[in-house]
Amino acid sequence: MKKANIAMPWIIIGSVVVILILIIAFSKGAFASKSMTSGMAITEGCKPQDIPVSIKGTAFAKDKAWFGVVTEPDKVSIDSVTAGGISLRAISSQDFTWSVKIYDDFTGNPVTADGGSNSHPGGDVLTEDKFSLNFFVPDNNCDDRIDNFEGNIVYEVRTDDGETNAISQKISFVQGRLVR
């Protein structure tokens, strides 16, 4: 009986550690699909090949407090989008962590994520959080061009005191161009 009593706390501790690791991995996008759903139907006889897409931009955070500093997300700016390497047109401080995730509009699933940490000095200053989201979009009609796709970019800020805020921006690509 004493051996069973000694093993029980280790099983509980081990279970808690595994759950914490899974929560951290999920929040960092470890289980994201890395593939966006194409907005085009598969052409008969076509064997779709994935085309790598890279979206680079900046997420901005601001101070929303009248007294002290409370950091919250402000806006997301998309600086560049490439597909297969080709550009597509179109009173004190507060520490915070941030993440930018892109969700597939067709499935609602996360595709990929980026994140980091920063410090906001307070006042009217916008801090910049540079991000890079990389994923694939299948070429369902085998024309060697990026298919139409739609996603939702979510910028989330979590302050060092546990407050979480998020904003989102829809992103649509039609015929190789960002639709604004």
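The number of residues in the range 159-178 being touching a Phe, Trp or Tyr at 6+ places or on another chain (Cβ under 7 Å) and either at pLDDT 90 or above or not assigned by TED's automatic domain parsing to the domain that holds VAL69 (or both) comes to 2. In summary, strands (runs of 3 or more DSSP E) completely within the range 74-180 and bearing 3 or more residues that are touching an Asp or Glu at 6+ places or on another chain (Cβ under 7 Å) occur at 94-104, 110-120, 127-138, 149-159, 164-174. Among the candidates ASP74, ASP50, which residue alone is surrounded by 15 or more Cβ atoms within 10 Å (Cβ to Cβ), in the same structural domain as VAL174 (by TED's automatic domain parsing) and within 19 Å of ALA166 (Cα to Cα)? That would be ASP74, the only listed residue that is surrounded by 15 or more Cβ atoms within 10 Å (Cβ to Cβ), in the same structural domain as VAL174 (by TED's automatic domain parsing) and within 19 Å of ALA166 (Cα to Cα). Here LYS75 qualifies as at pLDDT below 90 and under 16 Å from the mean Cα position of the chain (by Cα).
In the set (1) buried (at least 16 other Cβ atoms within 10 Å of the Cβ); (2) modelled with pLDDT of 90 or more; (3) within 20 Å of GLY162 (Cβ to Cβ); (4) among the polar types (S, T, N, Q), ASN140 fails one condition alone, (3). For SER132, the requirement of being at pLDDT below 90, assigned by TED's automatic domain parsing to the domain that holds ALA61, more than 14 Å from ASP74 (Cα to Cα) and in contact with a Ser or Thr (Cβ under 7 Å, 6 or more places away or on another chain) is not met.
The values are calculated or read from the model by the stated rules, or taken from the named source; none is laboratory data. Not measured: the values here are computed from a predicted model. Every residue, glycine among them, receives a Cβ derived from its backbone with ideal geometry; neighbour counts consider all protein chains shown.
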